[in-house]
Structure formats: C-alpha cells, structure tokens
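> Here it is: the structure, laid out below.
We did not get these values from a lab; they are worked out from the coordinates using the rules stated. Predicted model, so just to flag it, every value in this text is computed and none were measured.
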C-alpha cells in the first residue's frame, strides 16, 4: 500500500521532521531545521535503500506536506506546517 498517504513509515518521517536536529545526524553544509534533511539520512534512519526513502518523500511532497529544496546536488525536505494544519482541519471537520 505504497500510495496511501497514511502509512506508518510516512507518519514516522513527518514526526522526525518536526525536530530534525534531534532525530538525524548533523549535516555539514546545511542547518536541518532551516533547510531540512536529505533522503540519504531518512533512508539510513528507516533502514531502507535511498530510492525507497525518496518515494516516501516524493509522495509527502506531492501531497504538500513537505517542502523540497535543492542545494548543490541534494534535495532537502522539511515540513510545511501551514499545509499540515490545513489537512488536519479537513480531517477534523469530517472530510
């Protein structure tokens, strides 16, 4: 069920990205809170290949729950708090 937005792995990723400094190793060139975390770190934390992590991150980005930003040769992902709040309100209203 890779295409379902509510998947345990994706919920874990969203939770980890609330406080990336606490859940991921420090990065050399970017601040994880400001710029986000790259797919390699997410893959390592999940224990899956990088392409699997990119699939999860891509789905979350497509839903608008994550923002992607390209810096040099890597794409960094961080939460879009405004969009997450909108989605939460939709579910609270009985969407």
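> Quick one: divide the alpha-carbon radius of gyration of the chain by 2.2 N^0.38 Å and tell me what you get.
1.06
> Right, here's the next one. In nm, what is the difference between 0.36 nm times the number of residues separating residue 51 and residue 11 and their Cα-Cα distance? Present the calculation step by step, with values, prior to reporting the outcome.
On the way: separation 40, 0.36 × 40 = 14.40 nm, distance 1.79 nm.
Stretched out fully, the residue 51 to residue 11 stretch lengthens by 12.6 nm.
> Need the full-extension length gain, residue 89 to residue 69, defined as separation in residues times 0.36 nm minus the C-alpha distance. One decimal, nm.
Values: separation 20, 0.36 × 20 = 7.20 nm, distance 2.60 nm.
Between residue 89 and residue 69, full extension yields an extra 4.6 nm.
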